[in-house]
Amino acid sequence: MVRAVVTASMTTPDSKRVEHHEHQELVDTTPEELAPLYRQMLAIRRLEEASAKAYSAGKIGGFLHLIIGQEAVCVGAIAALEKKDYVVATYREHGHAYAKGVAARPILAELYGKKTGCVKGLGGSMHIFDKATNFLGGYGIVGGHVPIAAGAAFASKYRGDGAVTLCFFGEGASTIGGFTEGLALAALWKLPIVLICENNQYSMGTPVYRSLAVEDVSLRALGHGMARDRFDGDDVVKVKRRIAEAVERARTTGEPTLVEVITYRFRGHSMSDPGLYRTKDEVEEWKRRDPLPRCRQRLLDVGMPEAEIAALEDDVKTEIEDAVKFAEESPAADEYKKYVVKE
């Protein structure tokens with residue numbers, strides 16, 4: 001086990017803990033904890049790469065927003081949940097769905113517009129939904145899903161079922177009215193919700209310094225007397241630990257938390273965006289912080305044999321190749337009219 005001294009981790013309305021990358025302290029972990037997290041991140045990366053390839057070949061239509069580079073945020077955060085908990089995400093949600101337990105086969109089939117997809121091929125990339133895993137959907141309206149997540153948390157409080165809702169959004173959504181409304185209701189009604197800002201530095205192609213007067217999104221919590229946290233999202237174990245604090249608070253006290261996780265996407269906003277507004281040096285600098293090779297090296301450091309890591313990676317390769325084959329061979333979606341309820 002690798003050990004390091006970790007700062008006391010209570011997140012309060014006054015907390016603000018952001019570390020510079022070179023000064024980040026490692027969180028204690030074991031191969032038993034870390035290997036499943038690495039596997040999930042790697043599977044999401046390979047699933048996204050397969051999606052990009054299929055899109056470029058014309059096999060996936062519509063929009064396609066990839067999470068490549070941000071995998072540690074969704075994997076670490078969702079690892080802090082129980083099965084009964086809920087997740088609400090944006091249109092960049094393939095990884096969140098996978099981390100919540102949706103299999104690669106129905107995710108890719110949905111992207112392909114196939115009948116075997118999560119929502120029978122009718123939602124596509126931006127509208128994955130899976131009732132069985134309590135993945136309450138990806139949403140295409142920026143910030144509009146935050147009040148929906150607050151509603152899910154309200155339902156849990158009303159029922160007294162002890163469930164917590166995680167709501168993911170980008171820093172661009174923090175300027176939208178729906179975000180403010182959802183934040184206000186969560187604080188006022190003390191809802192069991194954790195609001196997670198995945199700050200990937202760009203709102204579409206607009207950098208944070210051009211879109212936010214105050215770049216610290218977590219400060220919005222202070223106006224509502226809400227707990228907050230802010231940290232870098234390169235280390236999947238650290239993400240899991242810090243989000244677990246907020247989840248525990250929500251579950252035991254019913255109090256919400258606003259968490260900002262600093263991350264980066266290596267590709268443009270969508271497949272149609274070449275990302276020319278970023279310099280190559282900037283992208284390369286962030287790639288040196290890529291959570292996947294960082295996690296792989298950490299596995300070696302905590303004692304997992306190279307052969308076992310390689311076997312895990314081969315297993316992921318087989319899983320995603322199978323999912324691609326399944327999606328390509330599945331029947332096309334039925335016409336949407338068959339699913340419209342007639343009066």
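Bear in mind these aren't lab numbers, they're just calculated from the coordinates by the rules spelled out. Keep in mind it's a predicted model, so treat the numbers as computed, not measured. So basically every Cβ, Gly included, is an ideal-geometry build from the backbone, and we count neighbours across all protein chains shown.
Relative protection proxy for 27-35, 270-278, 181-189, from highest mean packing down: 181-189, 27-35, 270-278 (other beta-carbon atoms within 10 angstrom). Sequence-ordered 3J(HN,Hα) estimates for region 210-215 from the Karplus curve with 6.51, -1.76 and 1.60 and θ = phi - 60° stand at 9, 10, 10, 5, 10, 6 Hz, glycine and proline given as x. Under the simplified labelling scheme, the D216-D334 pair shows an inter-label distance of 5.4 nm, with each label point 7 Å from Cα along Cα→Cβ.
Assuming R0 = 56 Å, can you tell me the calculated FRET efficiency for the pair E285 and W189, based on Cβ-Cβ distance, to the nearest 0.05? Before the final figure, lay out the partial values.
On the way: r = 42 Å, r/R0 = 0.75.
That pair, E285 with W189, gives E of 0.85.
Tell me, rounded to the nearest percent, the portion of alpha carbon pairs in region 191-240 spaced more than 15 Å apart. Summing the P(r) of region 191-240 above 15 Å gives 56 percent of all pairs. Summary of packing: across the peptides 89-95, 171-177, the per-residue average of other C-beta atoms within 10 Å ranks them, highest first, as 89-95, 171-177.
Given +1 on the Cβ of Lys and Arg, -1 on the Cβ of Asp and Glu, and no further charges, what dipole in debye does the chain carry about its Cα centre, rounded to the nearest 20?
Details: 45 positive and 49 negative charges, 187 e Å.
Computed charge dipole of the chain: roughly 900 debye.
Across the chain, the relative contact order, built from alpha-carbon pairs under 8 Å that are at least six residues apart, equals 25 percent.
When you work out D = kT/(6 pi eta Rh) for region 30-111 at 37 °C and 0.692 mPa s, using the Kirkwood radius from C-alpha pairs as Rh and the Stokes-Einstein form, the result is 248 µm²/s. Phi-derived couplings, Karplus 6.51 cos²θ - 1.76 cosθ + 1.60 at θ = phi - 60°, listed residue by residue for region 62-73: x, 9, 8, 10, 9, 9, 4, x, 9, 4, 5, 6 Hz, with x used for Gly and Pro.
For region 191-337, with only Lys/Arg (+1) and Asp/Glu (-1) charged at the beta-carbon, what is the dipole magnitude about the Cα centre, in debye rounded to 20? Each step should come with its number before you reach the end.
Working: 23 positive and 30 negative charges, 162 e Å.
Magnitude of the dipole: close to 780 debye.
Return the equivalent ellipsoid semi-axes of region 67-224 as a descending list in whole Å, where each equals the square root of 5 times an eigenvalue of the C-alpha gyration tensor.
Working: eigenvalues 122, 82, 33 Å².
Square roots of five times the eigenvalues give 25, 20, 13 Å.
Can you give the Rg to Rh ratio of region 92-171, both from alpha-carbon atoms, with Rh computed by the Kirkwood formula? Taking Rg over the Kirkwood Rh, I get 1.00.
Put simply, when 159-170, 49-60 are sorted by average Cβ atoms within 10 angstrom per residue, most first, you get 159-170, 49-60.
According to the calculation over all Cα-Cα pairs in the chain, the P(r) per 10 Å bin from zero is 6, 26, 35, 25, 8, 1, 0 %. Computed on the Cα trace of region 130-179, the radius of gyration divided by the Kirkwood hydrodynamic radius gives Rg/Rh = 1.00.
For K115 and E306, the FRET efficiency from 1/(1 + (r/R0)^6), where r spans their Cβ atoms and R0 equals 51 Å, is about 0.80.
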